[in-house]
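Read the figures in this text as sums done on the coordinates, not as results from a lab. This is a predicted model, so every value here is computed, not measured. Neighbour counts are summed over all protein chains in view; Cβ atoms, including those assigned to glycine, are modelled from backbone coordinates with ideal geometry.
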Amino acid sequence: MSFEQIIVSGGSGEQLEEAELSLLETLDHVLNRGLVIAGEITISVADIDLIFLGLNVMLSSVETAQEVLRKRQAQAE
Amino acid sequence: MKLYVYCLVEGGVGLPRDVQGVGGATVRLLSGETLSLLVSDFALDAVPVSRENVLQHAAVVQSVLASTTPLPFRFGTLVTEQQLRSYVDAKYEALKAKLEQVSGCVEMSVKIILDREWIEEPATNIGHEKPGTAFLSEKRRELLGGEARLEEAKRVAEWLEGQMREVVREIQISKNPTDKLILATAHLVERDRLKYYRTLINEARQQRPELHFLVSGPWAPYSFANIDLEFKTQFGVS
């Protein structure tokens, strides 16, 4: 999956392209948003089937993304 | 055998080439007169939330986005063909109107982090308060911090809206900021104005260096695909 633009910017204005961010953003979009046919979202997580009348999974993707970046920076130092 | 549903498109749109559906299934077009749906057969009773499946769902929708603007379904939509046809028949007018509304546009996602301590009132008496008082004081500080965070989120949202107004057709804003993520917003942008959109976003980033931006896109209009809320509002059903 690739996007034209994935930018994380901090105070220094750096730009990073990260597969992890792409996946997190994809999760945020496909799991949280989009057309819903009432009662027909059927997903399974860790072998437990979950049926959501209105699927409302909230992923704080930015915070997770920042954690990924922090770990990467720590490893690089 | 159920159908896994990816997105809805205007009738006459062709099937994208070289794209695999969830579980490696063949993607096909369920054609109607004016609306069509991209679907694939799905043998299981539930769709596992795996990296591969999520990316395949997104890839199918994204491949359509290359040529037209689809209305994407949420991951995990499994229905019979009869259920799907009933849904489209029942919601036909709303679906058609929504497709027209997003026509020629893509979604850009902007998330903003402000890494700041949100508890505004200093805890001066920690260690000297009685347990019950300490608990109430902590709760009060949390409430004040939450209010400050919401106020700041509102200010940033208004500022960003002002920066992007001339290039954004529609905006969706998250109402539940977490500690650091103060704003999650989706912009509906006309395709031929994307370059200008990026220019304005870059200018905004330079204006507020204390804010951390995560900008992604272009996406299919996932955040603008909800027709049910509009119908409920329109007909006064709570």
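Computed over the range B:151-207, the quotient of the alpha carbon radius of gyration and 2.2 N^0.38 Å is 1.14. Annotation: peptides B:152-165, B:185-198, B:58-71, ranked by per-residue average of other Cβ atoms within 10 Å with the highest first, follow the order B:58-71, B:185-198, B:152-165. Counted by neighbouring Cβ atoms within 10 Å, the residues B:Thr26, A:Thr26, B:Thr77 run from fewest to most as B:Thr26, A:Thr26, B:Thr77. Working from label points 7 Å from Cα in the Cα-to-Cβ sense, the B:Arg208 to B:Met1 distance is 5.1 nm. Each listed q (0.20 Å⁻¹) maps to a log10 I(q)/I(0) for the range B:2-103, found by the Debye formula over equal Cα scatterers with no solvent: -1.00. Between B:Ala97 and B:Arg165, the contour length at 0.36 nm per residue exceeds the Cα-Cα span by 22.2 nm. Rounded to 0.05, the FRET efficiency of the B:Arg155 and B:Ala90 pair, given R0 = 41 Å and the Cβ-Cβ distance, is 0.50. Sorted ascending by nearby beta carbons within 10 Å, beginning with the fewest, B:Phe75, B:Phe224, B:Phe213 become B:Phe213, B:Phe224, B:Phe75. Which entries in the list B:Lys111/B:Lys195; B:Lys98/B:Lys195; B:Lys2/B:Lys180 go over 29 Å, if you measure between the two C-alpha atoms of each? The answer is B:Lys2/B:Lys180.
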